[in-house]
Amino acid sequence: MRWDHLLLDCRLATMADNGAAYGAVERAALGWKDGKIAFAGPQAALPGKPADLAAYVESAGNAWITPGLIDCHTHLVFAGNRAEEFELRLQGASYEEIARRGGGIVSTVTKTRAASEDELLAQSLSRAQTLVRDGVTTLEIKSGYGLDLESETKMLRVARRIGAELRIDVRTTFLGAHAVPPEFAGRQADFVDEVCVRMLPAIAHAGLADAVDAFCEGIAFTPSEVRRVFEQACALGLRVKLHADQLSDLGGAALAAQFGALSADHLEYTNEEGVRAMAAAGTIAVLLPTAFYVLREKQLPPLAQFREHGVPLAVASDVNPGTSPVLSLRLSMNMACTVFRMTPEEALRGATANAARALGLADRGTLEAGRRADFVIWNIEHPAELSYWIGGDLARRVVCGGADL
Ligand code: DI6
Ligand code: FE
C-alpha cells in the first residue's frame, strides 16, 4: 500500500492546532495517496525509507506548503460588469441609491438572464481560473443573478461546470432571496413565495445547491422574509448562511444563529447579542474586507467581540460585479489585515481551516493525515507573506485532490 507521492524537505503551515504559529512543522514531509493526505509531519517521523513509502519521491526544496485556499463566499458567476456604476459611485451616488434606482444587482440580473449557459461559463471561467492560480482549490459560488427558476438553475449548473473544467471543488449556494427582480416590483412578498414554494424545492430536488443563502438588509429582504426562506431550506434538509448586518443592524447574525447557520457573512453592524448567539450556535463569521473597502464603509465588524466570544473567523473574496470586483483571495486576506486588523495567521486560518467550517466541510482546511490532498507550494520565505504581498505570482504549484492543477 505505497503512497502515490511523497514530498521531502517541506515547511508545512498545517493550520492544525499543534501549538505552533500557523501549525508550522519545519523539516517536514508530505505524502498522499488516492487524493488524500497519508502523512504530514516531521520528516524524521516518516515510518520508513522514502523510496519504500511512495511510488514517487521528490524534494520541495524547503518551500512553504499550506492547505489549498478556500474561498467560502463568492458571486463569481455573472454576465457583464458594473464599471459604469463604479463611475457613478465615484461621482457621489451610494450603493443603496443605485440599487433603489433599479441599477445594482438588478442590472446584473438582466445581463445574466440574457446570456446563454455557455456564454456565462466563458465569462465566469476565467475569473475562477485567476483565483485558482492564486491558490484556491475549493470555491463557493452563489446564484442570485438569475432570480427566476430557469436562470438560477443555469447559474448553478455553470458553477458546477467550473468545478469540472478546472478540476477544483466548487460548492454551490442558492441565493434566490438576493434582490427582487423587475417582474415582481412592488410584490416582494410574492417573490419570497416564488423562492420558497417554487424555486427552492426544484433546486433542492435537482441537487444543484449545497446550501441556501439570503440577503437580509434594508435594500433587500426583511428578517421575517429570511425566516420563511430558512424554514423552507431546513425542511428540505439544506444548511443555511446569511448576508447579515452589512449596511445596517437588522439582527441578522442572531437570526442566522437561530437556524444553526454554517456562517453569517459581512457582519459590520452586528451587535454583541448577535456575536454571543453565533458563538453558541457554532456559526462562523465570514468577513469580506474587499466589499467593505469598495463601498468605503466606515463601520468595522466587531472583531474584538468575535475573538472574545470565540467565534471562528473566515475571510472570503465576495467576488461580485458590484461591491467586490476582486480576483485574488490573497488580496482579501491582505485587507483583512490592513483594514480589519486581523493578524496574517488569522487571515490564513480564515482562508483555510475556518473557511472549510463555513462550508460545513470537515475533510479539508488543514494539512493532516486523512484530509483531502489539497495544498499549495509557495514561493515565499514566511507564511505571513501570503497576506503581506499585494498581487504577485506566489503559488508555485497548486494541488487539488492529489492532482496538480
Ligand atoms: N452582498 C454583496 O456584497 C453582494 N450581494 C450581497 O448580497 C453584492 C452583489 C452586487 O452588488 O451585485
Ligand atoms: Fe456576498
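Observations on the model:
Residue by residue, here is whether (1) assigned to a helix (DSSP H, G or I); (2) under 24 Å from Glu165 (Cα atoms); (3) touching a Phe, Trp or Tyr at 6+ places or on another chain (Cβ under 6 Å) holds:
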{"position": "Leu88", "(1), (2), (3)": "yes, no, no"}
{"position": "Gly92", "(1), (2), (3)": "no, no, no"}
{"position": "Glu96", "(1), (2), (3)": "yes, no, no"}
{"position": "Thr112", "(1), (2), (3)": "yes, yes, yes"}
{"position": "Leu120", "(1), (2), (3)": "yes, yes, no"}
{"position": "Val132", "(1), (2), (3)": "yes, yes, no"}
{"position": "Ile141", "(1), (2), (3)": "no, yes, no"}
{"position": "Gly146", "(1), (2), (3)": "no, yes, no"}
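- One residue from Gly80, Gly144, Gly102, Gly135 being on the phi > 0 side of the Ramachandran plot and modelled with pLDDT under 95: Gly102
- Applying a threshold of 6 Å to beta carbon distances and a minimum spacing of six or more residues, or different chains, the list of pairs starting in segment 186-205 at a residue that is under 22 Å from Thr172 (Cα atoms) and ending at one that is modelled with pLDDT of 95 or more and of a type in the set (S, T, N, Q) reads Cys196/Gln232; Leu200/Gln232.
- Qualifying position, being among the small types (Gly, Ala, Ser), within 16 Å of ligand 2 (Cβ to nearest atom) and out of contact with any Lys or Arg (no Cβ under 8 Å at 6 or more places or on another chain), among Ala99, Ala38: Ala99
- Any hit, segment 298-317, residues being over 26 Å from Arg349 (Cβ atoms) and more than 16 Å from ligand 1 (Cβ to nearest atom): yes
- Pairs, first crowded, with 19+ Cβ neighbours inside 10 Å in segment 231-252, second of a type in the set (Val, Ile, Thr), C-beta under 7 Å, six or more apart: Ala233/Val212; Ala233/Val240; Val240/Val212; Lys241/Thr173; Leu242/Val226; Ala244/Thr270; Asp245/Thr270
- Any hit, segment 199-206, residues being in contact with a strand residue (DSSP E or B) (Cβ under 7 Å, 6 or more places away or on another chain), within 14 Å of ligand 2 (Cβ to nearest atom), within 22 Å of Phe78 (Cβ to Cβ) and not in a loop (DSSP other than H, G, I, E, B): no
- Condition met for Asp190 (at pLDDT 95 or above, under 26 Å from Leu131 (Cβ atoms) and of a type in the set (Asp, Glu)): no
To keep it simple, each residue is scored yes or no on (1) more than 16 Å from ligand 1 (Cβ to nearest atom); (2) closer than 25 Å to Phe292 by Cα; (3) modelled with pLDDT under 95; (4) assigned to a helix (DSSP H, G or I).
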site	(1), (2), (3), (4)
Glu183	yes, no, no, yes
Leu208	yes, no, no, no
Arg228	yes, no, no, yes
Ser248	no, yes, yes, no
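- Residues satisfying the stated conditions in segment 123-155, i.e. farther than 27 Å from Met333 by Cβ and either away from ligand 2 (no atom under 16 Å from the Cβ) or out of contact with any Pro (no Cβ under 8 Å at 6 or more places or on another chain) (or both): Gly146, Asp148, Leu149, Glu150, Ser151, Glu152, Thr153, Lys154
- Qualifying residue in segment 53-71 (condition: touching a residue at least 40 places away in the same chain (Cβ under 8 Å) and within 16 Å of ligand 2 (Cβ to nearest atom)): yes
- Answer residue from segment 284-332, given it is more than 16 Å from ligand 2 (Cβ to nearest atom) and under 23 Å from Thr172 (Cβ atoms) and is surrounded by the fewest Cβ atoms within 10 Å (Cβ to Cβ) among those: Pro312
The values are calculated or read from the model by the stated rules, or taken from the named source; none is laboratory data. None of these values were measured; they are calculated from a predicted model. Methodologically, a virtual Cβ is constructed for each residue, glycine included, from the backbone with ideal geometry; neighbour enumeration extends over all protein chains shown.
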